[in-house]
Every structure is written in structure tokens, then in C-alpha cells.
Amino acid sequence: MKQTHSCSVEGCGNPAARSFSQEEIAKIMPKVGLSLQSSGKKVYLCEKHYKQVKKELKKQKKLEKIRHGLPF
Ligand SMILES: [Zn+2]
């Protein structure tokens, strides 16, 4: 069941290590200064780019939690 994808970051052709939903990743890309070359439903990231994105993903999730947790 192993499919080979390559990283969806523009200019990067490394083999993908992880896949994410487009929605999840699209809002993070500008923050890490990357752009995506594909517009599919799934976004594939190589190890290197995954590491960059992972930090932002964590931040994002924290922010969402805070937003949901506070009674504005
Ligand atoms: Zn990459």
C-alpha cells in the first residue's frame, strides 16, 4: 500500500514523508514562507518541510484551543 508522492512545496522534489489535508496546510504555508505547487485535496511534505510546518501546526492548534476556550 505504499504510494510514492513527492513534496508539494514549490521547487522541492523530495519524496514525501507526510500527507495533510489541503485546508490544514494552506493557511500555514504563508507563515513559513513556502508555497504549494499542487492544488489537490492532499498536500504532501518531505521530512524537511514537515519539520518547518510542524511548528506552525502546533501553534495553530494552540491558538484554536485558546480561541475556543475563552468566552468572548
Ligand atoms: Zn519538500
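Identify all residues within region 37-51 that are modelled with pLDDT under 95 and either surrounded by fewer than 19 Cβ atoms within 10 Å (Cβ to Cβ) or more than 14 Å from the ligand (Cβ to nearest atom) (or both); write none if there are none.
Selection gives Gln37, Ser38, Ser39, Gly40, Lys41, Lys42.
Does Ser8 qualify as being among the small types (Gly, Ala, Ser) and either more than 10 Å from the ligand (Cβ to nearest atom) or at pLDDT below 90 (or both)?
On the way: among the small types (Gly, Ala, Ser): yes; either more than 10 Å from the ligand (Cβ to nearest atom) or at pLDDT below 90 (or both): no.
Criteria not met by Ser8.
Name the single residue, out of those in region 1-33 being part of a helix (DSSP H, G or I) and not polar (S, T, N, Q), that is nearest to the chain's Cα centre (by Cα).
Result: Ile25.
Are there any pairs with C-beta distances below 9 angstrom linking a residue in region 23-36 that is over 9 Å from Val9 (Cβ atoms) to a residue that is in a loop (DSSP other than H, G, I, E, B) and at pLDDT below 90, with the two at least 6 apart or on different chains, and if so which?
Note: pairs meeting the criteria are Glu23/Lys41.
The values are calculated or read from the model by the stated rules, or taken from the named source; none is laboratory data. A quick note: this is a predicted structure, and the numbers were derived from the prediction, not measured. In this analysis, Cβ positions are derived from the backbone assuming ideal geometry, glycine residues included, and neighbour counts consider all displayed protein chains.
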